[in-house]
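Enquirer: First the structure, then my questions, so here it is.
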Amino acid sequence: MAILAIGDVHGHFEALLRLLDKAGYGDGDELWFVGDLVNRGPDSAGVLRFVHGLARKRVVLGNHDFSILVQAQRFPGNRLQASTLEVLQADDGEELIDGLRQFPLLHADARLQTVMSHAGLFPQWTLEQGQAASDAVSAQLRGGDYRDFLREIFGDWPNQWSLALQGMDYWRFAVNAFCRMRYLNADGSLNLEAKDKPKETKGLQPWFSVAQTCGWRQLFGHWASLGLRTEGNIVCLDGGYAWGGQLAAYDVENHRLAVTISAK
C-alpha cells in the first residue's frame with residue numbers, strides 16, 4: 001500500500017486520472033489531497049465526485065474549496081464563478097459541494113510524523129494549537145449554523161495571532177493561516193497580498209523560513225510561484241498545473257516525489 005499526496009488539482013479531473021495512472025495507483029493505496037480541488041479547471045464536479053467516492057483518502061480544505069462553499073450559498077451580492085455554476089448545474093452538484101464541509105483544515109499523522117494543510121502550519125502554533133484551530137473551524141462548518149459562519153468567514157483581519165482571539169476573529173485567522181498564508185510581515189503577522197517567489201519579495205518572510213514549533217514534515221500546496229519543493233521537511237506540492245505547470249504526486253512514506261505530469 002502506498003500513500004500518495006496530490007498537489008492542487010483545481011478542477012483538472014482528466015489530469016488527475018493521468019497522474020494516478022502514471023503513479024500506478026491501486027485500490028489498496030491511500031490518497032491525500034492538499035486542497036484546492038476545485039475552480040480554474042474544466043471539471044470540478046468530476047474531481048469532487050471522484051474524491052468523495054474514495055474509500056481511502058485524507059483531504060484538507062483550500063481557499064478555493066472555501067470559495068465554492070461560500071458561493072454555493074448564493075448570498076446576496078455574491079457572484080457565482082463559472083466553475084461553481086458548472087458544479088451546481090450537475091444533478092448531484094449541491095451534494096458534491098456540501099460534502100466539502102466534512103473535510104478539515106489540518107491532517108496530522110503521528111506514525112509518519114507528517115502534517116498536511118493547504119498553505120502550511122502557522123509557525124507560532126504548536127501542532128496541538130493547529131489541531132485545535134482546525135477542529136474549531138470544522139465544528140462551525142459541520143454545525144447547524146454553518147451558513148452564518150460562511151457568510152462572515154471571508155476577510156483579511158485579524159492578521160496577528162493572539163491567544164485572546166475568540167469567535168469569528170479566531171475562526172477567520174485560522175482559515176487564513178491554513179488556506180491563504182504565504183508570507184509573514186516582520187512582526188509575524190500574516191501578509192495576505194504577496195504571492196511571488198521568495199527571492200523576488202523584499203522585506204517579508206516566507207512562513208516556512210520562521211522557526212517552527214512543529215518539527216514534523218509539512219506538506220502543503222497553494223504557492224504556485226514557489227513551485228514543487230520536495231526536499232527536507234518543508235514540502236510544497238503546488239506545481240502550478242492550472243498555470244501551465246505540473247501536477248504532482250508525492251510518496252508520503254518514502255519522502256520523495258513519485259510522479260508528475262505536465263500541462264504543456
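Enquirer: Looking at LYS57, is it over 20 Å from GLY244 (Cα atoms) and modelled with pLDDT of 95 or more?
Expert: Yes, satisfied.
Enquirer: Still on this structure, I have one more. Within region 81-96, track down each residue that is without any contact (Cβ under 8 Å) to a residue 12 or more places away in the chain and either touching a Phe, Trp or Tyr at 6+ places or on another chain (Cβ under 7 Å) or over 18 Å from LEU61 (Cα atoms) (or both).
Expert: ALA82, LEU85, GLN89, ASP91
Enquirer: Going residue by residue through region 147-158, is there one that turns out to be in contact with a Leu (Cβ under 9 Å, 6 or more places away or on another chain), closer than 20 Å to GLN71 by Cβ and not hydrophobic (A, V, I, L, M, F, W, C)?
Expert: Within region 147-158, one or more residues are in contact with a Leu (Cβ under 9 Å, 6 or more places away or on another chain), closer than 20 Å to GLN71 by Cβ and not hydrophobic (A, V, I, L, M, F, W, C).
Enquirer: Being open to solvent by less than 10 Å² (accessible area, probe 1.4 Å), out of contact with any Asp or Glu (no Cβ under 7 Å at 6 or more places or on another chain) and without any contact (Cβ under 8 Å) to a residue 40 or more places away in the chain, is that true of even one residue in region 12-30?
Expert: No, because not a single residue in region 12-30 is open to solvent by less than 10 Å² (accessible area, probe 1.4 Å), out of contact with any Asp or Glu (no Cβ under 7 Å at 6 or more places or on another chain) and without any contact (Cβ under 8 Å) to a residue 40 or more places away in the chain.
Enquirer: Taking strands (runs of 3 or more DSSP E) that do not extend beyond region 48-155, which have at least 1 residues that are open to solvent by 30 Å² or more (accessible area, probe 1.4 Å) and among the hydrophobic types (A, V, I, L, M, F, W, C)?
Expert: Because the criterion is at least 1 residues that are open to solvent by 30 Å² or more (accessible area, probe 1.4 Å) and among the hydrophobic types (A, V, I, L, M, F, W, C), the strands (runs of 3 or more DSSP E) in region 48-155 that meet it are 107-109.
Enquirer: Considering only region 32-46, state which residues are closer than 27 Å to GLU253 by Cα and surrounded by fewer than 24 Cβ atoms within 10 Å (Cβ to Cβ). Working first, answer last.
Expert: Keep residues of region 32-46 that are closer than 27 Å to GLU253 by Cα, which gives 32-38.
The one that is closer than 27 Å to GLU253 by Cα and surrounded by fewer than 24 Cβ atoms within 10 Å (Cβ to Cβ): TRP32.
The values are calculated or read from the model by the stated rules, or taken from the named source; none is laboratory data. Nothing here was measured: the structure is a model prediction, and the numbers come from that model. Quick reminder, even Gly has a Cβ in these numbers, built from the backbone with ideal geometry, and neighbours come from all protein chains shown. Accessible surface areas use protein heavy atoms only, side chains included; no ligands, DNA or RNA. Shrake-Rupley method; radii C 1.70, N 1.55, O 1.52, S 1.80 Å.
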